Amino acid sequence: MSAATIVNLPDPLTARIPKDNFLTRENGLLSWLLTSDHKRIATLYLISITFFFFIGGALAGLIRLELLTPQTSLMAADTYNKVFTMHGVIMIFFFLVPSVPATLGNFFLPMMIGAKDLALPKINLLSWYLYIVAGFMAIYTMIVGGVDTGWTFTTPLSTHYVNTHVISTGLAIFIAGFSSIFTGLNFIVTIHKMRAPGMTWFRLPLFVWANYAASILMVLGTPVLAIALVLVVLERTVGIGVFDPAKGGDPLLFQHLFWFYSHPAVYIMILPGMGVISEVISTFSRKRVFGYTAVAFSSVAIAVFGFFVWAHHMFIMGISNYAVLVFSLLTMLVAVPSAIKIFNWTFTLYKGSITFETPLLYAFGFMGLFTIGGLTGVFLGVSGTDIHLTETYFIVAHFHFVMVGGMLMAFLAGIHFWWPKWTGRMYPEKISQVAAVVTFVGFILTFFPQFILGTLGMPRRYASYPPEFQILNVFSTAGASILGIGYLLPVLYLIWSLRYGAIAGNNPWQATGLEWQTQSPPLTENFTEMPVMDHEAYDYEWLEKQQQANPQKKEVASAG
Amino acid sequence: MDHISPVLWQFLDKWLTNFALFPPEASKIAPQMDALYFFMVLVSLVGLTIVVLLVVSFSILYRRSRHPQAVQIEGSTLLEATWTIIPLGLFLVMFVWGALIYFRVFTPPANAMNIYVVGKQWMWKAEHPGGQHEINALHVPLGVPVQLTLISQDVFHSFSIPAFRVKREAIPGRYTTVWFEATKTGTYHLFCTQYCGTNHSLMVGEVTVLTPEEYKAWLASSTSGNSLAQDGERLFASLSCAACHNARPDARGPSLAGVYGSRLTLSNGQTVTADDAYLREAILNPSQHITQGYAPIMPTYQGQVSEEGVIELVEYIKHLDSNYRVDQTLNTTGFLPENENGKPPAATPPPATPKEAKP
Amino acid sequence: MPDSSAIAKGAEDLHHADHPPYQRHHFESVAQQFDATNFAMWLFLLTEIMFFGGLFTAYLILRNWYYPAFVAGSHQLDVRWGTLNTVVLILSSFTMAMAVWSSQTRRRGALVLNLALTFLLGLTFLGIKTIEYREKWEKHHVPGIHYSLQSFLDPAHDEAARAYGDRPLPYDTAQKTELYFFLYFAMTGMHALHMIVGIGILAFMMVRARAGAYTAGHVTFVENFGLYWHFIDIVWIYLFALLYLISRHG
């Protein structure tokens, strides 16, 4: 066995995808559309969110093209406003929020805890249908003319001053919100009630902890967004005045209701990604995660603190100075658990035995970019600097660093990591490593200049800007074209691998999770007998004993 | 020189003269905020470097070909405590430092001169007390604390002067304030930074800082004739506010002379300071701002006075220190062109409501 | 202790005779199924609390700012209908609890009867709400273009206001009553929507109960629905107090 890789594949001459697996158990469109198998639902989600990702990405391309020149050149200001609004709505609600939970979470959470399925499989399917209905409404909105309020639906702009399709978008997000709530609800019940014997809380993989924390946020936070959107729709249709100062209402009430969800939403988006990073770093350094308890609790801490910082989006909106003090202080507190995780992951590498397959490359990308993104969040959480930096491109850069540099990289790390288990085939290693590096380089070139633009004062959501900002915008657009290639490549080679990828076998990464102890792709019922958990999480010593007891017939060193 | 095409040369020229990495520091608070900003940049660089160095060196030292057997380590409470306490400590330092700056920016000095700014889709209107009106521009004197009182006529806007490091939301329905003291003459960008619809990107302008002499000259040359307070006096008369708010012993409303800045006790027992926000609310939602001892009969002027009108009235009341002229105008209200038949106009337009009964 | 986590070996395990027909295959036992679905319902109710919470927050703030307007608005609601509705719902919670007991003790007839009573009481509640809503519509108290301030500017000519001895409100305070009615319709409307869903499910349950679906050991559905129904009842009690009982004396 070559020392430079841990990849452990079955003999390519004799290896076969197992005949009976969740993909082949039943055939026909209805068996997919009426499935209650969490793995099939995860697959349906994977296809849907990829579709929406590319729509959101195309819109991003349009934004960057427009911003190549200081004047509005490509499209009218109104169109630009619609483009960035839909980009935000689609990327947040139709890609980022469901990304890891609805795909990797749905697929692997039950397997990781030794269950046959989630607690409520039909609700899981309902979740997907709600997502699809919401998605159709969003597409419908785009076709009939779009909405231009910004994804934040600030009142009174969204209630009285635009005549675009606020209601259909609001309803689409409302429905997508319920999709999210049901997923989170399912996860919480499953984790509490369906763990295999011996699977205590502190033997759970950290991916499970992360999704648990995110699920708490989904379940408690999303309903508040729902009611905020209902109020906007009512105000728009009936004209009640709850956000209208002329009638005694208060537009700031909407801000509080909106951000009460939308801040936890960012933790909904990032926590599952952090869960992926824990799994990947552990596997590719052959070590248990350093400080397991700290990482587990930090996920819950982020969830709890995350509910108490929402008004840091409102520091200059006229809330009292004392409110600013409180929220700024709490924001400092919520920053700490993320720092704890970064250091624990770093020290997981210490005295490990590290190989650099693609998932780990994406994980490294995550660590670097999320560190920058998270630190710039502190710039914004500190009230004094927020005055200058808020509402500028600094914010745009900050959230793209954490969401795209962080979350999207974690998602790609997870997709690559679990691809062999999901499909039974390996992705091609060399080109995927190239794609990871291309993505990283493209990302930095796209978004780092935006920090500078923000510090210079360039406001966000501007279709035209002063000419001295052009150079940095040109760099940013150039980077975006590279980034686009970085995202296109995985789609291409992953689809290629479905037919031509090397057969993966049960455990190509020699990982310790329960999901790796079954066939690839898994059976519909996951396990043929109830697994019993008698070892700690990330127990590589146990894995070695397993492997000695059941040696693979012949190992092949590398794939593709 | 003839090898470089004119287009490329223009491009380079633009770049060299216009490219900047950092905005100019043109206000008193700017260097203070920048100090904190650079401290945070430094801390971030150090933090990032530490993480990157650790990841890179661990990757090299412990790569599989060099370190084939991993050592299972559970963790280290000491390390956990270290990397919890040190970041927390640094963040708390930044928090305190930033809070001080924040309070400084939003606590204007008592001697600040006030300029009103009304934001509307898609322009900024600055109203100087002397009656100068500017659109998408703001002229301010050097070295003088200037307070901006902001309000929006429609949606949220945000008034931003990056060179001064100040920014404040202009909200419909209430005043917000921010202050600065310019320290460098010149012109600087003014942006609207809260998305406000179609021409959000066009709601930009220039802030011009003038030396005190230049500023005086500018004031003299740009005034429309009447100061805001004078316009307010006229509005006060035409709306017949003086009918109740005068110095007569049987006056139905409290005298407004000297009311600005005083402590008032309201009919519900609350005590409030009669600042700009209070005056505005008292005009638009009077029934909740009735001074103790007076009947709740003041009609609302919501819908009858624009935000500029309210500003003029507030300015007028701010400078009102005697009722002499108020009492005088009582006799002239009827002669104003706005009023016909010598009768003051009806205060509110409810369609067919009987007159409110006097309690 | 058997040898550690399962590696798929193709071993046989599905003994269909071992578990009752209503146990779903991904659960190991009926107890686990009940436990899990019950927990799920409690969690769902928690999300409902967060959902209504937004409206309660708006209520708290606006009532604090515009108390006189809220008093006048509240006086326009008929507290007799409100009390009757409260009694109706509490009664329906009782019949629902009886239904759960019937399911647990396998009394099919009693179960169907109690479900039917709950159903009827639910319909009664909605019927009374329709009467109230219609009255509000006729008096132009529905927020929107047709909203009228008449009853508040001239309470002498309005029965409901006269009964409380209300004084005329200043115009700008009267305007704020629209916000009160918005909250009234939004909160009771949202509640009514949940009632309608509940009544629909009750109809479904009555049909299934007659067929014996819930009296052969499968109590989960009825119990979990019972939770939902009681929750709606509790929400109504808060709404009744907050909307109907502002500043009522005697």
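The values are calculated or read from the model by the stated rules, or taken from the named source; none is laboratory data. These numbers were taken from a predicted model, which means no experiment stands behind them. Every residue, glycine among them, receives a Cβ derived from its backbone with ideal geometry; neighbour counts consider all protein chains shown.
Taking the stated definitions as given, is A:PHE440 in a helix (DSSP H, G or I) and touching a residue at least 24 places away in the same chain (Cβ under 8 Å)? Can you show your working first?
Working: in a helix (DSSP H, G or I): yes; touching a residue at least 24 places away in the same chain (Cβ under 8 Å): yes.
The answer is yes for A:PHE440.
Answer yes or no: is there a residue in segment B:183-198 that is farther than 22 Å from B:ALA112 by Cβ, in contact with a His (Cβ under 9 Å, 6 or more places away or on another chain) and part of a strand (DSSP E or B).
Yes.
Assess whether C:ALA174 counts as being touching a Leu at 6+ places or on another chain (Cβ under 9 Å), in contact (Cβ under 8 Å) with a residue 40 or more places away in the chain and closer than 26 Å to C:GLU48 by Cβ. Talk me through it step by step, then tell me what you get.
Details: touching a Leu at 6+ places or on another chain (Cβ under 9 Å): yes; in contact (Cβ under 8 Å) with a residue 40 or more places away in the chain: yes; closer than 26 Å to C:GLU48 by Cβ: no.
Judged against the criteria, C:ALA174 is not a match.
Let me confirm something: among A:ALA311, A:ALA301, which residue is farther than 24 Å from A:THR446 by Cβ, away from chain B (no Cβ under 11 Å) and surrounded by fewer than 24 Cβ atoms within 10 Å (Cβ to Cβ)?
Numbers: A:ALA301 fails: away from chain B (no Cβ under 11 Å).
Exactly one residue qualifies, and that residue is A:ALA311.
Right, B:ARG263: surrounded by fewer than 16 Cβ atoms within 10 Å (Cβ to Cβ), of a type in the set (Lys, Arg), modelled with pLDDT under 90 and over 26 Å from B:GLU134 (Cα atoms) or not? Break it down stepwise before answering.
Details: surrounded by fewer than 16 Cβ atoms within 10 Å (Cβ to Cβ): yes; of a type in the set (Lys, Arg): yes; modelled with pLDDT under 90: no; over 26 Å from B:GLU134 (Cα atoms): yes.
Answer is no for this residue.
Looking only at segment B:29-74, which residues are of a type in the set (S, T, N, Q), assigned to a loop (DSSP other than H, G, I, E, B) and farther than 22 Å from A:GLY291 by Cβ?
Step one: filter segment B:29-74 for residues of a type in the set (S, T, N, Q), giving B:32, B:44, B:49, B:57, B:59, B:65, B:69, B:72.
With the extra rule that they be assigned to a loop (DSSP other than H, G, I, E, B), the set shrinks to B:65, B:69, B:72.
Result: B:SER65, single match.
Give me the pairs: first residue in segment A:320-344 and without any contact (Cβ under 8 Å) to a residue 60 or more places away in the chain, second residue among the polar types (S, T, N, Q) and in a loop (DSSP other than H, G, I, E, B), beta-carbon distance under 9 Å, and six or more apart or on different chains, which are they?
What qualifies is A:ASN321/B:THR107.
In segment B:256-285, how many are under 24 Å from the mean Cα position of the chain (by Cα), away from every other protein chain (no Cβ under 11 Å) and in a loop (DSSP other than H, G, I, E, B)?
Count: 6.
Which of the helices (runs of 4 or more DSSP H) contained wholly in segment C:91-210 include at least 1 residues that are modelled with pLDDT of 95 or more and under 24 Å from C:THR57 (Cβ atoms)? Even if it seems obvious, please write down each step before you answer.
Working: elements: C:108-138, C:150-153, C:159-163, C:171-175, C:177-210.
Of the helices (runs of 4 or more DSSP H) lying wholly inside segment C:91-210, those with at least 1 residues that are modelled with pLDDT of 95 or more and under 24 Å from C:THR57 (Cβ atoms) span C:108-138, C:177-210.
Being within 7 Å of chain B (Cβ to nearest Cβ) and of a type in the set (S, T, N, Q) is the filter; apply it to segment A:369-389 and report the residue that is surrounded by the most Cβ atoms within 10 Å (Cβ to Cβ).
First, pick out the residues of segment A:369-389 that are within 7 Å of chain B (Cβ to nearest Cβ): A:371-372, A:375, A:378-379, A:382-385, A:387-388.
Adding the requirement that they be of a type in the set (S, T, N, Q) leaves A:371, A:383, A:385.
Values: A:THR371: 25, A:SER383: 29, A:THR385: 26.
Ranking the qualifying residues of segment A:369-389, first place goes to A:SER383.
Identify the residue in segment C:127-162 that is in contact (Cβ under 8 Å) with a residue 40 or more places away in the chain and among the aliphatic types (A, V, I, L, M) and, among all such residues, is surrounded by the fewest Cβ atoms within 10 Å (Cβ to Cβ).
C:ILE131
Out of (1) touching a strand residue (DSSP E or B) at 6+ places or on another chain (Cβ under 6 Å); (2) over 30 Å from A:LEU360 (Cα atoms), the odd one out for A:HIS256 is which?
Of (1) touching a strand residue (DSSP E or B) at 6+ places or on another chain (Cβ under 6 Å); (2) over 30 Å from A:LEU360 (Cα atoms), only one is false for A:HIS256: (1).
Do we find that B:ARG252 is in a loop (DSSP other than H, G, I, E, B) and out of contact with any strand residue (DSSP E or B) (no Cβ under 7 Å at 6 or more places or on another chain) in this structure?
Values: in a loop (DSSP other than H, G, I, E, B): yes; out of contact with any strand residue (DSSP E or B) (no Cβ under 7 Å at 6 or more places or on another chain): yes.
When the stated conditions are applied, B:ARG252 passes them.
For segment A:149-163, check the following and say yes or no: at least one residue is crowded, with 19+ Cβ neighbours inside 10 Å, closer than 18 Å to A:PHE182 by Cβ and of a type in the set (Phe, Trp, Tyr).
no
Of the residues in segment B:80-114, how many are among the β-branched types (Val, Ile, Thr), crowded, with 18+ Cβ neighbours inside 10 Å and more than 7 Å from chain A (Cβ to nearest Cβ)? It would help to see each step written out before you state the result.
Quick first cut of segment B:80-114, residues among the β-branched types (Val, Ile, Thr) only: B:82, B:84-86, B:93, B:96, B:101, B:105, B:107.
Pick out the ones that are also crowded, with 18+ Cβ neighbours inside 10 Å and you get B:101, B:105.
Adding the requirement that they be more than 7 Å from chain A (Cβ to nearest Cβ) leaves none.
Qualifying residue count for the region: 0.
Among the residues of segment A:145-159, are any free of Cβ contacts under 8 Å to residues at least 12 places away in the same chain, in a helix (DSSP H, G or I) and out of contact with any Asp or Glu (no Cβ under 6 Å at 6 or more places or on another chain)?
Filtering segment A:145-159 for residues free of Cβ contacts under 8 Å to residues at least 12 places away in the same chain gives A:157.
Of the ones still in play, those that are also in a helix (DSSP H, G or I) are A:157.
Still in the list and also out of contact with any Asp or Glu (no Cβ under 6 Å at 6 or more places or on another chain): A:157.
Checked segment A:145-159: at least one residue is free of Cβ contacts under 8 Å to residues at least 12 places away in the same chain, in a helix (DSSP H, G or I) and out of contact with any Asp or Glu (no Cβ under 6 Å at 6 or more places or on another chain).
I need a count of the residues in segment A:506-531 that are closer than 26 Å to B:VAL71 by Cα and part of a loop (DSSP other than H, G, I, E, B).
8
So A:THR72 ticks every box in (1) modelled with pLDDT of 95 or more; (2) in contact with a helix residue (DSSP H, G or I) (Cβ under 7 Å, 6 or more places away or on another chain); (3) among the β-branched types (Val, Ile, Thr) but one. Which box is left unticked?
Unmet for A:THR72, out of (1) modelled with pLDDT of 95 or more; (2) in contact with a helix residue (DSSP H, G or I) (Cβ under 7 Å, 6 or more places away or on another chain); (3) among the β-branched types (Val, Ile, Thr): (1).
Just the residues that are touching a helix residue (DSSP H, G or I) at 6+ places or on another chain (Cβ under 9 Å), away from chain C (no Cβ under 14 Å) and not in a helix (DSSP H, G or I), please, taken from segment B:292-322.
Selection gives B:HIS319, B:LEU320.
Among the residues of segment A:348-364, which ones are touching a residue at least 40 places away in the same chain (Cβ under 8 Å), within 7 Å of chain B (Cβ to nearest Cβ) and either under 17 Å from A:THR376 (Cβ atoms) or among the hydrophobic types (A, V, I, L, M, F, W, C) (or both)? Step through it out loud before you land on a result.
The first filter runs over segment A:348-364 and keeps only residues touching a residue at least 40 places away in the same chain (Cβ under 8 Å), leaving A:348-363.
Checking the rest, the ones that are also within 7 Å of chain B (Cβ to nearest Cβ) come to A:349-355.
Selection gives A:LEU349, A:ILE354.
Only one of B:ALA282, B:ALA251, B:ALA274 is at pLDDT below 90, of a type in the set (A, V, I, L, M, F, W, C) and surrounded by 15 or more Cβ atoms within 10 Å (Cβ to Cβ). Can you tell me which?
Details: B:ALA282 fails: at pLDDT below 90; B:ALA274 fails: at pLDDT below 90.
Residue meeting the stated conditions: B:ALA251.
Which members of segment B:167-180 meet the condition of being more than 10 Å from the chain's Cα centre (by Cα) and either buried (at least 20 other Cβ atoms within 10 Å of the Cβ) or on the phi > 0 side of the Ramachandran plot (or both)? Quick ask: steps written out before the conclusion?
Going through segment B:167-180, the residues more than 10 Å from the chain's Cα centre (by Cα) turn out to be B:172-174, B:180.
Within segment B:167-180, B:PRO172, B:GLY173, B:PHE180 qualify.
Between residues in segment A:536-560 that are modelled with pLDDT of 70 or more and surrounded by 16 or more Cβ atoms within 10 Å (Cβ to Cβ) and residues that are assigned to a loop (DSSP other than H, G, I, E, B) and among the hydroxyl-bearing types (Ser, Thr, Tyr), which pairs lie under 7 Å by C-beta distance while being six or more apart or on different chains?
A:TYR538/A:THR512; A:ASP539/A:THR512; A:TYR540/A:THR512; A:LEU543/A:THR512
Can A:TYR45 be described as within 14 Å of chain B (Cβ to nearest Cβ) and modelled with pLDDT of 95 or more?
In short, no.
Being over 21 Å from A:ALA413 (Cα atoms) and under 23 Å from the mean Cα position of the chain (by Cα) is true for just one of A:ILE63, A:ILE49. Which residue is that?
Details: A:ILE49 fails: over 21 Å from A:ALA413 (Cα atoms).
The match here is A:ILE63.
Do any helices (runs of 4 or more DSSP H) lying entirely in segment A:9-90 carry at least 1 residues that are of a type in the set (A, V, I, L, M) and surrounded by 18 or more Cβ atoms within 10 Å (Cβ to Cβ), and which ones are they? Walk me through it before giving the result.
Working: elements: A:29-33, A:38-66, A:77-89.
In segment A:9-90, A:38-66, A:77-89 are the helices (runs of 4 or more DSSP H) which contain 1 or more residues that are of a type in the set (A, V, I, L, M) and surrounded by 18 or more Cβ atoms within 10 Å (Cβ to Cβ).
Going residue by residue through segment A:517-535, is there one that turns out to be within 24 Å of A:ARG195 (Cα to Cα) and within 14 Å of chain B (Cβ to nearest Cβ)?
Within segment A:517-535, the first condition is being within 24 Å of A:ARG195 (Cα to Cα), and the residues that meet it are A:517-535.
If we keep only those that are within 14 Å of chain B (Cβ to nearest Cβ) as well, we get A:535.
Checked against the condition, which is being within 24 Å of A:ARG195 (Cα to Cα) and within 14 Å of chain B (Cβ to nearest Cβ), segment A:517-535 yields at least one hit.
Which residue out of A:ILE340, A:ILE387 is aliphatic (A, V, I, L, M) and within 30 Å of B:THR176 (Cα to Cα)? Working first, answer last.
On the way: A:ILE340 fails: within 30 Å of B:THR176 (Cα to Cα).
Just one listed residue meets the conditions, A:ILE387.
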